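Contents: one structure, followed by commentary.
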Amino acid sequence: MEFSWDLVINAIVTGVVLGGFYASVAIGVTIAFGMLDIVNIAHPAFMIAGAYLAFWGSEKFGFDPFVSIAVFAPSGYLFGRAFYRAYHFFFERRGDESLQGLAFFFGILFIVEIGIVLIFGVDYRSITQPYLESTIGVGFVSVPWRMLVPFLVGLGMLGSVYLYLSRTFTGRTILAVSQDVEALRLIGANPIRAKEIAFGIAVATAIVAGVLLIIIQPVEPSITREYIGRAFAICVLGGIASIPGTLVASLILGVAEALTTTFYGPSWSPAVSFGLLLLTLIFRPAGIFGR
Amino acid sequence: MSGQALSAPELRKPAPVSGRSRTGLAIVLIGVVLLAATMVLGSHIGEYYYLATYTILQFIVLGTAWNILGGYGGYVNFGTAGFFAIGCYTTIILNKIFPMPLLFEMLVAAATAGVVGLGTGYLTLRLRGVFFSIATLALAIVLQTLIVNWSFVGGARGVYVIRPAVSGIFVSYAQFLVVLMLGLAIFAVVVAWAVEKSWIGIGLAAIRDDEAAAETSGVPSLRLKLIATTMSGALMGMAGAPFPYYVTYVDPATAFGLAIAVNSIAMPLVGGTATWWGPVVGAILLGSAQQILTVTISSAANLFIVGVLLVVFVTVAPRGVVGIVRGWKRGRK
């Protein structure tokens, strides 16, 4: 496409807004992979499950997306806690995380994706609300509400998780799990319980991200694969366990993708996140905010 | 790196194991019998059975190749479909610019996929194992995006491939493909067996159990992992090379199919990852089950079942069918 500054500025604004949503997807990976050392590649599967739950809620009960978040995110939290219990019992306890655990998550990813195909089919599904249809614009820059709402909710969620982890006792035990499990035991906290709660939060954020996704665009089951790359690229680029890093990396990826889409076309955009991931792994595996 | 290389020769002398070459000979003999049977039965077998057999043999190659790095070394490769597709598209590109017999195309495919494996490994195998896994996932998607945007090889729309005429000794092209794939499967299994019994396999097993300890005791871990990644990638590429002639129409969605990535991980894990025959057992069991299910139910449902089996096996029976059989034998004694 012909180069012009209007396009560049529009792409950067779109990218920043998109980045806020990406942060909501990646925060769960930052918690699970970065802090708990659980390589949950099934995270995008939980996200897509959230998107289809929102679709189902909207079709069946006429749920507004925010009602869907209020109903399904707590269920996701409880599911995540139970899921971690099972994962701990079968893999962490045996010390089988690396090979069997990875294959396990890969299998879960696959089961969720095919399960959704079997239930809902491969057609694109979407939800609409009147307030999502309008667009706000300043000068030549315009942003639709269906992008702005996920951006704001994503940032809000990131902020709440950050405050929870840094200000509450349970939150701090979660941060401590990634650093020194023995010291945590000495102060009388249970590391398994901390990890269980943290994984519950990670799954709940995935469900919220899914609802946000179906606000932004129509979804279909195989969309998970693109988001594995995005979530892990952001997590690694951000320094794996850093929440501010996650935000900065999300914005970088969002802008990079928006510029690529504007000037080279949307068919190149999946390569951006994976390219960024490979480059980070090669040149700076510690990430920009890494220790 | 140089310190590792110096201590390597000690590993080159594995303890003599009695009856070692007998197993290798047995694999080759079984293979020759199967080859002869395919040639003799010839036109008495329907086309469908050839195509079904081809798919199962292809998965024996992919599962075995995956297991060389994943099972022996403990490094999970999620990008099997990427290496497989490199094989497919090598054939397609060669067909367009410089047509040659399929056997040579397979060798070029092996070289290309092997080099890609070596490169990916060189860049990411110094990091923790998970990073390699994530990078292989990334590699497959980057390659797919490149192919989708490359109109010379058909882009997203795909490309038709015309089967060449088949030479006199074969009754049909399908039979030729089965014979070829059977040969490749035997080759792959013999390679896996040889690796498992050699100093490479012993070193890889040490890496899988405790990489830091292995490195301290002189195992050249990076070199061994690179050898395994290259061999594994090359075999996957070889398995992909005849695929365009098998389907006659290739598009990125088929060549990079999720079914390939999932099956090549599920089959070794269901069969058992510690031995060369685990992936073979897994590929035959899962492969034939899928052929039957695809006919009787639907292809989406059978992939669902593969996923469920994978999860059930890694949680309940982490040693796979091989482990179950061994436990059962021990119980009877």
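The values are calculated or read from the model by the stated rules, or taken from the named source; none is laboratory data. From a predicted model like this one, the values you see are computed outputs, not experimental measurements. For neighbour counting, all protein chains shown are included, and Cβ atoms are generated from backbone atoms with ideal geometry for every residue, glycine included.
Per-structure values
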item	result
Answer residue from segment A:1-58, given it is aromatic (Phe, Trp, Tyr) and in contact with a helix residue (DSSP H, G or I) (Cβ under 7 Å, 6 or more places away or on another chain) and is nearest to residue A:155 (Cα to Cα) among those	A:21
Number of the exception - residue B:137 against (1) modelled with pLDDT under 85; (2) surrounded by 21 or more Cβ atoms within 10 Å (Cβ to Cβ); (3) more than 23 Å from residue A:272 (Cα to Cα)	(3)
Residues within segment B:20-65 that are touching a helix residue (DSSP H, G or I) at 6+ places or on another chain (Cβ under 7 Å) and of a type in the set (Phe, Trp, Tyr), tallied	3
All helices (runs of 4 or more DSSP H) inside segment A:210-289 with 2 or more residues being within 14 Å of chain B (Cβ to nearest Cβ) and within 21 Å of residue A:113 (Cα to Cα)	A:224-237, A:269-283
Qualifying residue in segment B:63-81 (condition: within 14 Å of another protein chain (Cβ to nearest Cβ) and farther than 30 Å from residue A:240 by Cα)	yes
Scope segment A:187-229; condition among the acidic types (Asp, Glu) and over 21 Å from residue A:164 (Cα atoms); matching residues	A:220, A:226
Enumeration of residues in segment B:190-226 that are farther than 14 Å from residue B:70 by Cα, among the aliphatic types (A, V, I, L, M) and in contact with a Gly (Cβ under 8 Å, 6 or more places away or on another chain)	B:190, B:194, B:214, B:219
Unique residue being more than 14 Å from every other protein chain (Cβ to nearest Cβ), of a type outside the set (Lys, Arg), touching a residue at least 40 places away in the same chain (Cβ under 8 Å) and farther than 18 Å from residue B:92 by Cα when the list is B:190, B:159	B:190
Residues of segment A:86-104 that turn out to be modelled with pLDDT of 90 or more, surrounded by fewer than 22 Cβ atoms within 10 Å (Cβ to Cβ) and either under 14 Å from residue A:37 (Cα atoms) or touching a Cys at 6+ places or on another chain (Cβ under 7 Å) (or both), as a count	1
Selection from segment B:93-127 of residues that are outside any helix (DSSP H, G or I) and at the interface with chain A (Cβ under 9 Å from one of its Cβ atoms)	B:126, B:127
Tally, over segment A:119-171, of residues that are of a type in the set (Lys, Arg), surrounded by 12 or more Cβ atoms within 10 Å (Cβ to Cβ) and over 14 Å from residue A:215 (Cβ atoms)	0
Test: residue in segment A:116-131 that is in a helix (DSSP H, G or I), at pLDDT 90 or above and within 22 Å of the chain's Cα centre (by Cα)	yes
Every residue from segment B:220-241 that is over 21 Å from residue B:135 (Cβ atoms) and surrounded by fewer than 24 Cβ atoms within 10 Å (Cβ to Cβ)	B:220
Flag if residue A:83 is within 18 Å of the chain's Cα centre (by Cα) and surrounded by fewer than 23 Cβ atoms within 10 Å (Cβ to Cβ)	yes
Tally of residues being at the interface with chain B (Cβ under 9 Å from one of its Cβ atoms) and in contact with a Pro (Cβ under 8 Å, 6 or more places away or on another chain) across segment A:83-121	7
Residue within segment B:290-308 that is over 21 Å from residue B:124 (Cβ atoms), at pLDDT 90 or above and surrounded by fewer than 20 Cβ atoms within 10 Å (Cβ to Cβ) present	yes
From the options B:171, B:166, B:115, residue that is surrounded by fewer than 19 Cβ atoms within 10 Å (Cβ to Cβ) and at pLDDT 90 or above	B:115
Those residues of segment A:252-279 which are surrounded by 22 or more Cβ atoms within 10 Å (Cβ to Cβ) and among the polar types (S, T, N, Q), in sequence order	A:273
Residue under evaluation residue A:78, criteria (1) part of a helix (DSSP H, G or I); (2) within 10 Å of chain B (Cβ to nearest Cβ), criterion not met	(2)
Filtered residues of segment B:50-82 (kept if farther than 23 Å from residue B:174 by Cβ and aromatic (Phe, Trp, Tyr))	B:66, B:72, B:75, B:78
Condition met for residue B:178 (surrounded by fewer than 20 Cβ atoms within 10 Å (Cβ to Cβ) and assigned to a helix (DSSP H, G or I))	no
Residue ID - farthest from the other protein chains (Cβ to nearest Cβ), chosen from residues in segment A:122-141 that are in contact (Cβ under 8 Å) with a residue 40 or more places away in the chain and not β-branched (Val, Ile, Thr)	A:129
Residue in segment B:52-67 that is modelled with pLDDT under 90 and either in contact with a strand residue (DSSP E or B) (Cβ under 7 Å, 6 or more places away or on another chain) or of a type outside the set (S, T, N, Q) (or both) present	yes
Segment B:294-322 residues that are farther than 20 Å from residue B:280 by Cα, paired with ones that are β-branched (Val, Ile, Thr) (beta carbon under 8 Å, 6 or more apart)	B:300/A:114; B:300/A:117; B:304/A:111; B:304/A:114
